[in-house]
Structures are given as C-alpha cells and as structure tokens.
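For reference, the structure discussed in these notes is given below.
No value in this document is a laboratory result; all are computed from the given coordinates. Remember, it's a predicted structure, so these values are computed and weren't measured experimentally. Please note: Cβ atoms are built from the backbone with ideal geometry, for glycine as well, and neighbour counts cover all protein chains shown.
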C-alpha cells in the first residue's frame, strides 16, 4: 500500500507514537510519505528517525512570512514555480468564496505546495483531528487522493473542542472515511460529538516492549536514596504542581527520596519557582528533555513513577500516556490520576494507584503507603508489565493498524469483525 502520514511539527521527541506507526508501516513493506507543517528544530530526535532515514521521506510546507507583502511576493513566486504541476489545485486554493480566510491569507496555497506531485494513496493517515480538517480541504482541492483516516489522541478531542466548539468536526465526521481513538474515553466522546459509531475503533498507542526491559523493584538498603520519576511535557494537563507539592510533604517524613522530572515546556520556570519556594531544590530536579536511551536509564534506576495528569482549564485531557506504559513495562509501580483514558491503563491497587485530580494530599498518602510497603513494588511491577505487553505492544498494534488500513482501502468496513476491531481495555 501507499500510505501518507499527515503530521504537525516533525519529528517531536515526545511523539514517539507517530514514529512507531510510520516505521511499523515501513517494516511491513509499505510505501510511506510524510507531510509535515514544519521541522521541530530539536537537537534530540528518536533514533529511528535516522535509522529509517525518515527525513528523505518527509515533505515540509514552505515557511509563511508574517509580513503580508512578503507573503504575497513569495506566493507569486511559488505559483510561477509550481503552476505546471497542478494548475487547478493552485487556483482552487485561492478561492476565497469557498475557503474564506484560509484562501485569503494564502495559508491554503502554501500548505498544498508539497502535495502537487503526490501520488494517489491507499491511505492518508492524519495523526490528530486538526490535521484531519486540513487534509479534508486538500482532498476537496484535489491536492491529495486516498482514503482519509484521522486519529484522535488527546488535545484534539478535548481542548480543541473547548476552543472551537462541539461542531468543529461535523464535516470531517461526514467526509472522513474512518477514525481511530487511542482510548475508549475518546472514542465515546467522538461518538457523542457526532462520529458514526461504525466508523471509529479504539487503536492504542504502543511501545516497543523489547526496549523497556523489566526489572523487579525492591527497597534499597537503609538510608539509601529512593528515586521517584516523572517524564512529561511541562504543561498544565500534566499536573506536576501536585506531584511537587506531594513530594514536599513526603520528604519531611522520608528525607532520602529524590524526585526527577524529565521534560520541558511552558511551565518550566513556574515549576522551578515553586520548587524554590517550597525550599526543596535538594529533593526535586527538572532535567529537561532526554532522548530515549537516557530516559530508559532513569527508569531503570528509579523505584516509583508519578503521572499526576489533570484536566486543564482549557479542557485539555490525556489518553493512556506512553510514559506510563514505559514505566510499567520496566516494572515500576505507578501513582496516577482518575483522568481521561488513564484508568484504562492503570489498574487501581494492582499495577499502581489512582487518585483524584488536583489532590496533592492523595498523591502523598499513596506515596507514603508505597514507601511503607515496599513488598508491593515487585507485585505491582509484574502486573503492569503483563498488562502493557498484552495491550500495548507496538508490534501487535502495528499489525492491527495495517489490517485496519487494508480493510479501509478495500472498502470493507465490516468493523464488527472482532479479529480487526479490537477495543482495548
């Protein structure tokens, strides 16, 4: 099959799940092209980005000048250079009567430039809802051809709805060929918003379990450090204020704990100020982004993993996050929240503990319980590893994804076939 992946910035270190699906399709012998809005400009990338030479498969949109005069001049140049490739597509992209501000601002014109020589695809897989909306326009223009599949993963079915209204995907639900949700929580929400239940299945984000080796966790020797870990973007929905406040409470009773936070983002300065204000800089460190091998080393040397996700004020919510899956795969007991799709991953009292959102006291209470009952660590770690291997193994999920592609490509949408439409718990 010929498959086009439509992504935003690419590659982004925190979006390993996208590279996993791309490389999974390549490994299974399919032709893959990647269409991205812009490069991520990050020095840290997933190792498979280079291993599979994904840059050679990636087509970026031209940068759009903010100055309107220079934007117009560059647009004229792009039209002259590309007119022979697809004149009708270029002309349609300027139709302000049909496409309104997207055409008037010339953003639609800029966005179709990488597509002008694209082949017909069997599958066009948009990795988030907004990209599905954009690609729907491209297909209407005739700039790209193929069955349109859109994945809903988190912000696109939560805060995006909060910002643009519950009817924002109304046309996409009609024109899109198929939809994937990465958890039951978001599948139900998409159906509630108008998606045909026969056009959407749950397809989780997987991890390569072979990269995350299981190790049973035991209490260290007396007075030795106990390492806590979080890996997350430093944004509101990750709820890191509450894990920091919880660790502050616990450190007063257990001064041998150390909490490492791997990640970066808009809240870094605010969180560092909180750590300083609590006078706990000797216990909590924000380490910035790390590449996957570095993260694995931190996971290997940690004892307990914290993921205090919350619903942010803009409505943003999480699916079962991959960082939790990685920690569980490596045998760490976890403390997370009853939030979004996370209860579909963490079995409360079995692989870890779930607490209410925004409740530092509850996090502290469960953390103290784990510190006082280290005999539970190994049992919880084994349960977490078994669940992730069964439900979120990337090889199994990539096989399933290709089956879904093939069925959509063949216009055989009998998704009641349980061999295909596996709703993951």
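Highest-first packing order for the peptide set 124-132, 336-344, 362-370 is 124-132, 336-344, 362-370, based on the mean count of other beta carbon atoms within 10 Å.
Working from Cα pairs under 8 Å separated by at least six residues, relative contact order for the chain is 15 percent.
Taking label positions 7 Å along the Cα-Cβ direction at both residue 358 and residue 117, the computed distance is 5.4 nm, reported to one decimal. Within the stretch 216-260, which residues have the backbone N less than 16 Å from the label spot 7 Å out from residue 266 along Cα→beta-carbon, could you tell me? The answer is 233-241. Note on the stretch 31-106 and the stretch 210-257: Cα centroid distance 43 Å, given to the nearest whole angstrom.
Taking 122, 348, 167 as the candidate residues, the one with maximal mean-square fluctuation in a Gaussian network model of the chain, Cα springs under 10 Å, is 167.
Relative to the dominant Cα principal axis of the chain, helix 268-277 is inclined by about 20°. For the stretch 23-100, the ratio of Cα radius of gyration to the globular rule of thumb 2.2 N^0.38 Å stands at 1.47. The mean sequence distance of close C-alpha pairs (under 8 Å, at least 6 residues apart), as a share of the length of the stretch 111-235, puts its relative contact order at 19 percent.
Checking the a/c ratio against 1.5 first, then a/b against b/c, what shape does the Cα gyration tensor give for the stretch 209-391? Judged from the Cα gyration tensor, the stretch 209-391 comes out rounded (a/c under 1.5). For the Cα atoms of the chain, what angle does the longest principal axis make with the long axis of helix 360-372, in degrees from 0 to 90, nearest 10? The helix 360-372 is inclined about 50 degrees to the chain.
The shape of the stretch 275-339 comes out oblate: with a ≥ b ≥ c from the C-alpha gyration tensor, a/c is at least 1.5 while a/b does not beat b/c. Residue order for 166, 272, fewest other beta carbons within 10 angstrom first, comes to 166, 272.
Take every Cα-Cα pair in the stretch 230-296 and report what % of them are more than 19 Å apart. Tail of P(r) above 19 Å: 28 percent of Cα pairs. Can you tell me the orientation of helix 68-82 relative to the chain, as the angle in degrees between its alpha-carbon axis and the longest Cα principal axis, to the nearest 10? Around 60 degrees separate the two axes. In this label model, residue 314 and residue 69 are separated by 3.3 nm, measuring between points 7 Å along each Cα→Cβ vector.
Between residue 373 and residue 213, the modelled label-to-label distance comes to 3.0 nm, taking each label 7 Å out from Cα in the direction of the beta carbon.
Residues 209, 195, 183 in ascending order of nearby Cβ atoms (within 10 Å, fewest first): 209, 195, 183.
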